[in-house]
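I have placed the structure first, in the form of structure tokens, so that the comments after it can refer back to it.
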Amino acid sequence: MQNRRIGDVEVSAIGLGGMPMSIEGRPDEARSLATIHAALDAGVTLIDTADAYHRDAHEVGHNETLIAKALASHDRGKDVLVATKGGHLRPGDGSWTLDGSPRYLKEACEASLRRLGVEAIGLYQFHRPDPKVPYAESVGAIRDLLDEGKIRMAGISNADPDRIKEANEILGGRLVSVQNQFSPAFRSSEPELDLCDELGIAFLPWSPLGGISRAGELGSSFAPFARIAEAHGVSPQRVCLAWMLAKSPVVVPIPGASRPETIVDSLAATELELTAEEIAQLDAV
């Protein structure tokens, strides 16, 4: 497994996104635990979660609790950087709402600390800007958590270039990660990726394969990925992740998974070397 850096921590070049194991359509707990353990066995040392990754209103933090259980029952669990987020909420009716108030973010962090069973969260990220709250106030709460030692590193998610710069300034140059949507179907975050590359901030693409419902259609939707996959004898999904890794050393994709074989295939992308010509063909999609 190749490694990359988030702040001062070395992590696997591809992480595991936990959301599919906790929202609608999730598998049973046994399969989820097997998926996380398969990722650890294959060398994963980064798992991404959030307190909002749950299905029903009464089970806030379902995914954090699941990940804590999986890590506690595996001999490599202590080697994993768990990245969680606060600021997004799920009322339980399938919708997503926002609360970026400092009070809520600090309460959410305390709850995440309890669910994860740690004294300090490895990486805590502001999940999504709340139009009702000045961005500086939300990021200021993250700064306070960092200063208080409740979190070891700070990140933001779903941010444009101006907010990345603003957050980094508010955090005193301590912004270590930006988690934005990025995939062959969603390329509008390339300016953010370029800025992260310039600043040396980790860029964590979420839904890198197109999302839970569309990841399996990647090859049929984007012919060059299927053609290059066939030439290498691998899946289009593996080609997609290898393409992302080739874009910049700050890129650390976090594909979601709910089956062991899916995450194992994704992780093998670190071993796939694409030619400059192949990368150019994929860039042109």
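The values are calculated or read from the model by the stated rules, or taken from the named source; none is laboratory data. These numbers come from a predicted model, not from an experiment. With ideal geometry, Cβ positions are generated from the backbone for all residues, glycine too; neighbour counts draw on all protein chains shown. These area figures cover heavy atoms from the full protein model, side chains too; ligands, DNA and RNA do not enter into them. Shrake-Rupley method; radii C 1.70, N 1.55, O 1.52, S 1.80 Å.
Details
- Placing a label point 7 Å from the Cα of ASP147 along the Cα-to-Cβ direction, the residues of segment 77-116 with a backbone N closer than 16 Å are 102-103, 106.
- Whole-percent carbon and sulfur share, accessible surface of segment 209-285, 1.4 Å: 51
- Cα-based helix-to-principal-axis angle, 62-72 vs the chain, degrees rounded to 10: 80
- Reducing segment 72-147 and segment 1-36 to their Cα centroids gives an inter-centroid distance of 17 Å.
- Highest-first packing order for the peptide set 202-212, 181-191 is 202-212, 181-191, based on the mean count of other beta carbon atoms within 10 Å.
- Counting DSSP beta bridges with both ends in the chain, the antiparallel % (nearest 5): 25
- Neighbourhood net charge (14 Å Cβ-Cβ; Lys/Arg +1, Asp/Glu -1) for VAL80: -2
- Residue-averaged 222 nm ellipticity for the chain, from DSSP H runs of 4+ at -39500 (n - 2.57), nearest 500: -12000 deg cm²/dmol
- Against the chain, whose longest principal axis comes from its Cα atoms, helix 29-41 is set at around 70 degrees.
- Cα gyration tensor, segment 1-150 - rounded (a/c under 1.5), prolate or oblate: oblate
- Most to least packed among 90-99, 48-57, 128-137 [average Cβ atoms within 10 Å]: 48-57, 128-137, 90-99
- Listed residue (SER207, HIS232, CYS196) projecting farthest to the positive dipole end of segment 182-235, Cβ model: HIS232
- For the chain, the tally of Lys pairs with Cα-Cα distances below 16 Å comes to 4, considering only residues 8 or more apart or on different chains.
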